[in-house]
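The structure's right below; bear with me while I get my questions together.
The values are calculated or read from the model by the stated rules, or taken from the named source; none is laboratory data. Predicted model only: the values in this text are computed from it and were never measured. In this analysis, Cβ positions are derived from the backbone assuming ideal geometry, glycine residues included, and neighbour counts consider all displayed protein chains. SASA here: full protein model, heavy atoms, side chains in, ligands and nucleic acids out. Shrake-Rupley method; radii C 1.70, N 1.55, O 1.52, S 1.80 Å.
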Amino acid sequence: MNNMNHIELSMEQDLDSLFDSLIELLQREIEIYRCILDSVVHEKKILLKPSLDKIYESNARKETLILKAKLLEEVRSGIVKKIAAALGKSEQDVNLSALALAAGKDRGKLIRESRSVLSPLLQEIQERNENNKLLLDSSLVFVRSSIHFINDLLSPSTGYLETGRINTLSRNGRLLRTEG
């Protein structure tokens, strides 16, 4: 075997190894994103029957999972960069579909399958997270309205001026006890 054939074989093995690493990483990302989806689903249940401790616990779990997903994403980016260089392409020109074509039949199939799982999984996470955000936003509006209503009940907010106009008294944040 001449030296050139040996280099080509070595590059092909390195590329196969990179594709195998990418496939393994995609599988790990799918696992993490499934855990994030479970966390977001569980978060909605917590928001419907709120407990401050459970909310903190849920947020901590979700933050940990998101950090893991970001780390995996960085590793995937490094692998994709190496594959792109080995293929003689720029990183911007390479996506999972292009990688699946370049990976060969078996590895390409695994990459396409991972892509077909990841895409709807990420979409569902985004939709459910947005629904949870809307739930939180409406809860905040309700709480603010309740506080405003209670403030209005506890402090007289109006009186009349000599001109007959309504005088709005400023609230100074203190609650006075009135008897009479």
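Taking the Cβ of residue 54 as the center, what net charge do the other residues with Cβ under 13 Å away carry, scoring Lys and Arg +1 and Asp and Glu -1?
That sum, taken over residues with Cβ under 13 Å, equals +2.
Find the accessible area per residue for region 8-157; the probe is 1.4 Å, ligands and nucleic acids are left out, and the unit is Å².
68 Å²
Over region 34-133, what percent of the accessible surface lies on carbon and sulfur atoms, probe 1.4 Å?
52 percent
Per residue of region 100-117, what does 6.51 cos²θ - 1.76 cosθ + 1.60 with θ = phi - 60° give for ³J(HN,Hα)? Whole Hz please, x for Gly and Pro, Karplus curve as stated.
Per-residue couplings from phi come out as 4, 5, 7, 7, x, 4, 5, 5, x, 4, 5, 5, 4, 5, 4, 4, 6, 8 Hz.
What's the local net charge at residue 114, with K and R +1, D and E -1, over the other residues with C-beta under 12 Å away?
Net local charge, residue 114 excluded: +2.
Mind ordering 68-80, 27-39 by average Cβ neighbours within 10 Å, highest first?
By packing density, highest mean first, the sequence is 27-39, 68-80.
Just check region 69-130 against the gyration tensor rule for me: Cα atoms, a ≥ b ≥ c as the square roots of the eigenvalues, rounded for a/c under 1.5, and otherwise prolate or oblate depending on whether a/b exceeds b/c.
Oblate is the answer for region 69-130, as a/c is 1.5 or above yet b/c matches or exceeds a/b.
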